[in-house]
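Peer 1: Quick one: the structure is below, and I'll ask about it shortly.
Laboratory data are not the source of any read-out in this text; all were calculated from the coordinates shown. A quick note: this is a predicted structure, and the numbers were derived from the prediction, not measured. Cβ placement follows ideal geometry from the backbone for every residue including glycine, while neighbour counts extend to all protein chains displayed.
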Amino acid sequence: MLKFFSEEIDFKLPFPLKTTKWIKTISESEGYELVNLNYIFCTDDYLLEINKQYLDHDYYTDIITFDNSEEEGKIESDIYVSVDRVRENAVEFGADFESELRRVLIHGLLHLMDYTDTSEELKAQMRAKEDECLSLF
C-alpha cells in the first residue's frame with residue numbers, strides 16, 4: 001500500500017497514479033514488496049522539528065526516512081518530504097520542481113532498499129541509481 005499525505009501544507013502530488021506505479025515498479029525490480037509506504041509532504045519547519053526530535057539534528061533537510069520494516073524484502077516506512085526544501089533545491093540545482101521532487105521520492109525509497117550515501121563513492125552510486133530510476137518515469 002502506497003499513500004501520499006500532507007502536514008501543515010496544502011500540497012497535492014503531481015501525477016499520483018503514475019508516481020505510484022513508478023515507485024511500485026522500482027521496488028519490485030529490486031526484489032522488494034511494498035507493504036505500507038507513506039510519503040508525508042510538509043514544510044521546512046515541520047521537518048526540522050522531526051529532525052530535532054527523532055534524530056537530534058538541528059538543521060533543515062529535504063527528506064527523512066523512517067524504516068519500520070520488520071522483514072527483509074518488505075517495505076514499511078514513513079518518508080517525510082519538505083516541499084519547501086525541494087523547491088529551493090530545484091532552483092539551486094537548475095532542475096524543475098517536479099523532477100527534483102521525484103529524485104527526492106526515489107532517494108528515500110532507495111534508502112529503504114539498502115542503498116546508502118555515507119561516502120563519496122556511495123553517493124555517486126546512489127546518484128547513478130536515482131538517475132536510472134528517474135529515466136523510468
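Peer 1: Among the residues of the range 69-88, is there at least one that is among the aromatic types (Phe, Trp, Tyr) and either over 14 Å from Leu105 (Cβ atoms) or loosely packed, with under 13 Cβ neighbours inside 10 Å (or both)?
Peer 2: no
Peer 1: Please give the number of the condition Asp10 fails out of (1) assigned to a helix (DSSP H, G or I); (2) over 14 Å from Ser82 (Cβ atoms); (3) charged (D, E, K, R).
Peer 2: Result: Asp10 passes all but (1).
Peer 1: Quick check, is Phe41 in a strand (DSSP E or B) and touching a Phe, Trp or Tyr at 6+ places or on another chain (Cβ under 7 Å)?
Peer 2: The answer is yes for Phe41.
Peer 1: Checking the condition over 12 Å from the mean Cα position of the chain (by Cα) and of a type outside the set (Val, Ile, Thr), which residue from Phe97, Phe41 passes?
Peer 2: None of the other options fit; the residue is Phe97.
Peer 1: Here is a follow-up. Of the conditions (1) more than 25 Å from Lys12 (Cα to Cα); (2) free of Cβ contacts under 8 Å to residues at least 24 places away in the same chain; (3) among the basic types (Lys, Arg), Lys74 satisfies every one except a single condition; which number is it?
Peer 2: Just one mismatch for Lys74, condition (2).
Peer 1: For the range 42-60, what are the residues that are surrounded by 14 or more Cβ atoms within 10 Å (Cβ to Cβ) and touching a helix residue (DSSP H, G or I) at 6+ places or on another chain (Cβ under 6 Å)?
Peer 2: Those that are surrounded by 14 or more Cβ atoms within 10 Å (Cβ to Cβ) and touching a helix residue (DSSP H, G or I) at 6+ places or on another chain (Cβ under 6 Å): Thr43, Asp44, Tyr60.
Peer 1: On the given criteria, is Glu30 of a type in the set (Asp, Glu), in contact (Cβ under 8 Å) with a residue 12 or more places away in the chain and closer than 24 Å to Ala124 by Cβ?
Peer 2: yes
Peer 1: Wholly within the range 57-137, which helices (runs of 4 or more DSSP H) include no fewer than the required count, namely at least 3 residues that are of a type in the set (Val, Ile, Thr)?
Peer 2: Of the helices (runs of 4 or more DSSP H) lying wholly inside the range 57-137, those with at least 3 residues that are of a type in the set (Val, Ile, Thr) span 83-93.
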